[in-house]
Structures are given as C-alpha cells and as structure tokens.
C-alpha cells in the first residue's frame, strides 16, 4: 500500500523489511525503539525473513552486525544518542573494516543532563568515524534514504547512518509513500572483497604497523570523499525509478535571495516556510559525510549573508560543527557567515523564533555564534 | 600437527596461549570461523598484510568476541552454511571487559564454542591484574611491595558463572593435558548451543617462567588442585582428572616470578583454598546434584 498515514518509525521499518537484511540486531533506546518493535512484530507475524538478534547492549548490536556483515550478508540496526555513543569504538572499526552496515540513527541529545529529546549531537559527534551520514528532512525522505543507504553502502563498501529526528520524525504520523517492491533498485548483496567462509579462509580485522595503518586510513578517507558520486548516482536512480528526488542528492536548495540559511534535518521544514516569507534561500544539507564542499561552494556563491542553523554544539569552540566546516569551505568568500545553535535537547524551534533569526541577518557579524536560549 | 595455524607467527617461545589455540582448532578441524578478542593472539598472528591463519578468522575489538560470534553464527545459519563458530579471548577479554558480551551470547543460546585462554592477567599490555589473576600474584597493577603481597582477591569463578547460564557444557582444561583439552572440545562440539572451555595457558613473560616449563607448570597447576580439571555437563559436575592426594602448592608456585615474594602463610592459604575448592567439586560430583 504505497500512500498511507503512518508513523515515521513504522514507515522506515517497512522499508527495512523490503531491503531484506539477513541479520537485524536490536536493543531498545528512546526514541529509536519503535523501529525494532515494528520489525519484531513483523517477525512474529512471519513477514520478515531476516534473523533478529536481541542483544544485551548497543555495543553488542553493532558487534553482531559486524560479525554478520563479515560473513557476506546484509546487516542492520537502529539506535539513538547514548546507544550510538556506546558504539563509538565500533563505528570506527566498521568503517575501517569496510563493512556496508546500515544504521537508522533516530537523533537524540546526549547526556548530561539526561534528555530523551531531539538534537543532532549524537550523530554529529561521530562525523569523523568514516561513516556516510545522511540526514532526512521528512519521513518520506527517511524511507527513501534507507533503501538508498544499503545500495550506497554496498557500492562504496562504507557503512551508512540514516539520521532522522527523534519524535519530530520518528513518532509523527503523516502521509508516506512506502513502495511495495524495490527489487530492481537494490540487488542482492554479493560481497567480493571479504567474507568469512571455511571454503575460502580469510583473515579479517588484523592489526597494522604505522605505515600500512596510515595507508589504510588514507584509503578510507579517499573512499569516503569519493562516495559523493555514488550517493548522487543512487539518489538519481531512485528519483528516476520512484519519481521522487531531493536536490542533487547531497544538498537541496529552495528559494532565492542574497541571504541563505544553511541547515539540516526536519527543522528545515519550518525554515523553508520562513525563508519563503523573508525572501531568503534555504540550503538543506542532506549528506553531511562526505561533506558536500563543492556543492555548497556552488550553491552559496555570491551570497551576501549566510546563517547556519544547527542542533549541535562544538563545545569549547562555540557554534556547531557544520558552521565551522562551512566557514572553512568558504574561506575567501565575501559572504558573512554566522551560526545559530538551536533546539538542543528538544527545545522547540518555532516559526516565530525562526522569523527573529531571519530578521537578525543584517545585525550578525561574520563568525558570530548565537544560541537560541541566550 | 595440522596446518590451521601456520609457523612464522611471533608468539613467545613457550607461549601457552598459542598451544591452547592450536590444539582447540586441531580438535575442531577446518570447518570453523574463529572470532578473536584483541590480545596477544591477534598481535602475534595477524600483522597486516600477513596472517598465520589458514581458517577464517576475524578480530574486531577487545570486548566483543562473543557478540561478533553471535552475528557470525546467525548469519551463517541464515545462509544454510554449517561451520563451528568459536569465540576466543583471554581472561581480560572474556572474564572482564568482554564478560557482558559472553553472558549475552550464552543467554541467547547461539551455537558458539566460547574459549577462554586464561593466562591470568592482561599480558598483551604488560602483565596487569584481571579478575582471572590468582590471589597473591604480583602484576604491574597489583605489585608485591613491602606492605601488599600482590593481588588481594581470589580468582573469579567464571566457569560456574557460565554454567549458571544453563548451558549444556562448560569445562576447564590445561595445556598440560592436551588430550583432555582435545576430548573436551570434541565433546563440546556435540552439543547445540553455547559451550565454554576455560584453558589454563601459562605465559612466559607474565608468570616469569622458563619457556621449557610451560607444559610442566600447566600440569603442576592441576596436580596441586590449584587448577582442577572438571566439566559441568547439563549442570552436573565431573572431575576429569582425579588426584588421590593433591601435591603441595609450592611445587607449582615456586619458580614463578609472580609468586616469588610469597611467605609461607600465603602459600598455605593458596593450598587451603585449592583443597577446599577441589573437595567442593568432589562432593558435587559424588552428590550428582544438578547445579543448574
């Protein structure tokens, strides 16, 4: 049933089922829990082929996925916040081992204080782990990204996290088109590089001396940077097959104006409305890793003023990670670039608040950082 | 000797751990996937781009060998592939940092043989105390000094903890009794589900012993009752190497640098502890009590 009123988590779970992961590891954490719950019910109803491993921690969730993926099958898990942080060590290992695992990260604030609500501190803090990071703006996009993620991961031999905002997306019911069939778009996973099989013994996950270590890390970086092309190609193929695309696959530009707002995630729905009112342009970042440097430079060329709005903070540096990376990418540009840190721990980013942000454009200094609550 | 683990690795002369792994894998054969925790075995056998392994082998991190094995076992089953899945780690990797992963994998019932190569300290990082370190052993983080006589606590009884997961088979073994180790591996493989074998694997630099003494020490640990060989099959205890009279503990302790500071009262305490443990196991066997 393509068009349906459905919760974001349930819609994503339906797409995961169509992607046919052979092993799914599960561990509960708010707000990602509805995804594994939905998949577990499918299994109970005989509607899911894969084996579910109900592990005892997120650390073991990703460990089990790594083990499964290393035998040459598609492996999947979902998590949030502390769960992703607990996986930190393994996120680096997964990328270093070039295993195409997909995680749905349902974004939530990190402790302390403990907070279950949405921001992007969890996934943004893993930006250097070697994972491709895609951020959904809507539940429809979260569904579309999930199937794209498996293909991107398997073509690039890089793990992918599909990030969707906790509660704002995961727990929200809206009309979503979940395709009935994606067979042609996502072929069966056929690993060629490495897999554990007694008929063809391989050693996977060795240690390395400094020179080979650094060589492999450089290769990983190059693969991550190069994945830009695959992400766009997979996005374009999907758009062609399902009639739905999002900008160039890396960023999505809406509206026009001498001032641009650059943001990421579901808050862009509100920002788009305000930008339209104020005659500003919205540049929504879909893919944060690899960082779409060239696409952003192209989109922001000739702007007078750029406001980055983001839900994470590089503590001790001020501003969010995206703001600092964008400033670095736009070095030498005449544009004035400022940052608003918003929505941490689920603080509402309302239309009225965003209007004030837009109205502040002229008063912002280059490099200035403001927090929503100051 | 089979060619599962090739020569050319960089393990120390007299390394008990590599003897233990080789013999475990010889008993299993080549239809195996080895999931190894971080430790000396990874370092000595897999310096990229070389490997000593002629069977499929994976290492991910220190604390997750049994969790990785869970994924491997279920993924192989999904593909209809039949192979023995082994999770191997040291006392640190299985009894301390990887204990949760081991417990979770046992509780879920995956068909995995979990092997603890127990050399009684964090040897790869330079001889630090673990929960597997015996009482009074001097390590770099529990050194013997003028006030403290080495480690202050008795060794964790990991085998009973494992058996309490209601697994079909758990056993101790020693590289001093290789036929017993092989027999236990083969017996373990007959069972579906989680199995645990805890092998005593003397460490030459860690224990401060002569490379030529590894096997005789591993025998002496058994003869003194300090490392009793027993199995827990469906919850019932059976001692697999009975000793009419336990040898005095100093036969095992003397000659090991980690115990060289021991005073007679420490040696006596170790002897009493070993005797009490051995007698407890004997009475459990005699009673035929189903513990778990």
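Can you find a residue in segment B:36-46 that is over 20 Å from residue B:119 (Cβ atoms) and at the interface with chain A (Cβ under 8 Å from one of its Cβ atoms)?
Applying the first criterion (over 20 Å from residue B:119 (Cβ atoms)) to segment B:36-46 yields none.
Looking through segment B:36-46, none of the residues is over 20 Å from residue B:119 (Cβ atoms) and at the interface with chain A (Cβ under 8 Å from one of its Cβ atoms).
Run residue A:233 past the list (1) more than 27 Å from residue B:36 (Cβ to Cβ); (2) part of a helix (DSSP H, G or I); (3) in contact (Cβ under 8 Å) with a residue 40 or more places away in the chain and report the number of the one that doesn't hold.
Against the list (1) more than 27 Å from residue B:36 (Cβ to Cβ); (2) part of a helix (DSSP H, G or I); (3) in contact (Cβ under 8 Å) with a residue 40 or more places away in the chain, residue A:233 comes up short only on (3).
Can you tell me which residue in segment B:137-158 is nearest to residue B:259 (Cα to Cα), limited to those that are surrounded by 19 or more Cβ atoms within 10 Å (Cβ to Cβ) and touching a strand residue (DSSP E or B) at 6+ places or on another chain (Cβ under 7 Å)?
B:138
Can you find, within segment A:120-131, the residue that is farthest from residue A:212 (Cα to Cα) among those that are assigned to a loop (DSSP other than H, G, I, E, B) and in contact with a strand residue (DSSP E or B) (Cβ under 7 Å, 6 or more places away or on another chain)?
Pass one, segment A:120-131, residues assigned to a loop (DSSP other than H, G, I, E, B): A:120, A:125-131.
Then drop every residue that is not in contact with a strand residue (DSSP E or B) (Cβ under 7 Å, 6 or more places away or on another chain), which leaves A:120, A:127, A:131.
Details: A:120: 34, A:127: 23, A:131: 21 Å.
Among them, the one singled out is A:120.
Looking at (1) in a loop (DSSP other than H, G, I, E, B); (2) over 13 Å from the mean Cα position of the chain (by Cα); (3) farther than 19 Å from residue A:237 by Cα, which is the one condition that is false for residue A:181?
(3)
Would you mind stating whether residue A:12 is within 14 Å of chain B (Cβ to nearest Cβ) and in contact with a strand residue (DSSP E or B) (Cβ under 9 Å, 6 or more places away or on another chain)?
Considered against the rule, which asks whether it is within 14 Å of chain B (Cβ to nearest Cβ) and in contact with a strand residue (DSSP E or B) (Cβ under 9 Å, 6 or more places away or on another chain), residue A:12 comes out as no.
Residue check, residue B:89 against (1) within 14 Å of chain A (Cβ to nearest Cβ); (2) in contact (Cβ under 8 Å) with a residue 60 or more places away in the chain, all met but one. Which one?
Residue B:89 satisfies all of (1) within 14 Å of chain A (Cβ to nearest Cβ); (2) in contact (Cβ under 8 Å) with a residue 60 or more places away in the chain except (2).
What are the residues in segment B:50-62 that are at the interface with chain A (Cβ under 7 Å from one of its Cβ atoms) and either crowded, with 24+ Cβ neighbours inside 10 Å or touching a helix residue (DSSP H, G or I) at 6+ places or on another chain (Cβ under 7 Å) (or both), if any? Even if it seems obvious, please write down each step before you answer.
Step one: of segment B:50-62, the residues at the interface with chain A (Cβ under 7 Å from one of its Cβ atoms) are B:51, B:53-61.
Once the filter is applied, which keeps residues that are at the interface with chain A (Cβ under 7 Å from one of its Cβ atoms) and either crowded, with 24+ Cβ neighbours inside 10 Å or touching a helix residue (DSSP H, G or I) at 6+ places or on another chain (Cβ under 7 Å) (or both), segment B:50-62 yields B:51, B:53, B:55, B:56, B:57, B:58, B:59, B:60, B:61.
Can residue B:84 be described as more than 8 Å from every other protein chain (Cβ to nearest Cβ), over 26 Å from residue A:210 (Cα atoms) and touching a residue at least 60 places away in the same chain (Cβ under 8 Å)?
On the way: more than 8 Å from every other protein chain (Cβ to nearest Cβ): yes; over 26 Å from residue A:210 (Cα atoms): yes; touching a residue at least 60 places away in the same chain (Cβ under 8 Å): yes.
So residue B:84 fits the description; yes.
In the list A:114, A:110, which residue meets the criterion of being in a loop (DSSP other than H, G, I, E, B), more than 14 Å from every other protein chain (Cβ to nearest Cβ) and over 17 Å from the mean Cα position of the chain (by Cα)? Give the steps one after another, and end with the answer.
Values: A:110 fails: over 17 Å from the mean Cα position of the chain (by Cα).
So the residue among A:114, A:110 that is in a loop (DSSP other than H, G, I, E, B), more than 14 Å from every other protein chain (Cβ to nearest Cβ) and over 17 Å from the mean Cα position of the chain (by Cα) is A:114.
Scan segment A:265-295 residue by residue and report those that are under 23 Å from residue A:95 (Cβ atoms) and in contact with a helix residue (DSSP H, G or I) (Cβ under 9 Å, 6 or more places away or on another chain).
Start the filter on segment A:265-295 by keeping residues that are under 23 Å from residue A:95 (Cβ atoms), which leaves A:265, A:285-295.
The answer is A:285, A:286, A:287, A:288, A:289, A:290, A:291, A:292, A:293, A:294, A:295.
Scan segment A:335-348 for residues that are crowded, with 22+ Cβ neighbours inside 10 Å, assigned to a loop (DSSP other than H, G, I, E, B) and in contact with a strand residue (DSSP E or B) (Cβ under 8 Å, 6 or more places away or on another chain) and report the count.
Of the residues in segment A:335-348, 1 are crowded, with 22+ Cβ neighbours inside 10 Å, assigned to a loop (DSSP other than H, G, I, E, B) and in contact with a strand residue (DSSP E or B) (Cβ under 8 Å, 6 or more places away or on another chain).
Residues that are buried (at least 18 other Cβ atoms within 10 Å of the Cβ): list the strands (runs of 3 or more DSSP E) wholly contained in segment B:159-277 that include at least 3 such residues. Outline the logic, then answer.
On the way: elements: B:169-174, B:195-200, B:230-233, B:236-239.
Of the strands (runs of 3 or more DSSP E) lying wholly inside segment B:159-277, those with at least 3 residues that are buried (at least 18 other Cβ atoms within 10 Å of the Cβ) span B:169-174, B:195-200, B:230-233.
What are the residues in segment B:64-81 that are under 19 Å from residue B:21 (Cβ atoms) and within 7 Å of another protein chain (Cβ to nearest Cβ), if any?
Of everything in segment B:64-81, those that are under 19 Å from residue B:21 (Cβ atoms) and within 7 Å of another protein chain (Cβ to nearest Cβ) turn out to be B:64, B:68, B:69, B:72.
Could you please give the count of residues in segment A:182-197 that are modelled with pLDDT under 95, touching a helix residue (DSSP H, G or I) at 6+ places or on another chain (Cβ under 6 Å) and within 12 Å of chain B (Cβ to nearest Cβ)?
Residues meeting the conditions: 1.
Of the residues in segment A:236-267, how many are out of contact with any strand residue (DSSP E or B) (no Cβ under 9 Å at 6 or more places or on another chain) and not in a loop (DSSP other than H, G, I, E, B)?
Qualifying residue count, segment A:236-267: 6.
Would you check which residues across segment A:198-224 are in contact (Cβ under 8 Å) with a residue 40 or more places away in the chain, out of contact with any strand residue (DSSP E or B) (no Cβ under 8 Å at 6 or more places or on another chain) and within 14 Å of chain B (Cβ to nearest Cβ) and list them?
Hits for segment A:198-224 are A:216, A:217, A:220.
Right, residue A:282: at pLDDT below 95, assigned by TED's automatic domain parsing to the domain that holds residue A:357 and not in a helix (DSSP H, G or I) or not? Break it down stepwise before answering.
Numbers: at pLDDT below 95: no; assigned by TED's automatic domain parsing to the domain that holds residue A:357: yes; not in a helix (DSSP H, G or I): yes.
Judged against the criteria, residue A:282 is not a match.
For every residue, the table says whether it meets (1) at pLDDT 95 or above; (2) more than 19 Å from residue B:166 (Cα to Cα); (3) touching a helix residue (DSSP H, G or I) at 6+ places or on another chain (Cβ under 7 Å); (4) surrounded by 22 or more Cβ atoms within 10 Å (Cβ to Cβ).
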{"residue": "B:66", "(1), (2), (3), (4)": "yes, no, yes, yes"}
{"residue": "B:71", "(1), (2), (3), (4)": "yes, yes, yes, yes"}
{"residue": "B:82", "(1), (2), (3), (4)": "yes, yes, no, no"}
{"residue": "B:85", "(1), (2), (3), (4)": "yes, yes, yes, yes"}
{"residue": "B:92", "(1), (2), (3), (4)": "yes, yes, no, yes"}
{"residue": "B:102", "(1), (2), (3), (4)": "yes, no, yes, yes"}
{"residue": "B:111", "(1), (2), (3), (4)": "yes, no, yes, no"}
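Taking residue A:247 as the residue in question, decide whether it is surrounded by fewer than 15 Cβ atoms within 10 Å (Cβ to Cβ) and either under 23 Å from residue A:107 (Cα atoms) or not assigned by TED's automatic domain parsing to the domain that holds residue A:342 (or both).
no
Conditions tested, residue by residue: (1) out of contact with any helix residue (DSSP H, G or I) (no Cβ under 6 Å at 6 or more places or on another chain); (2) within 25 Å of residue A:337 (Cβ to Cβ).
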| position | (1), (2) |
| --- | --- |
| A:224 | yes, yes |
| A:229 | yes, no |
| A:236 | yes, no |
| A:240 | yes, no |
| A:245 | no, no |
| A:249 | no, yes |
| A:259 | no, yes |
| A:263 | no, yes |
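The values are calculated or read from the model by the stated rules, or taken from the named source; none is laboratory data. Keep in mind the model is a prediction, meaning the values are calculated, not measured. Here the Cβ is made from the backbone with ideal geometry for all residues, glycine too, and neighbour counts use every protein chain on show.
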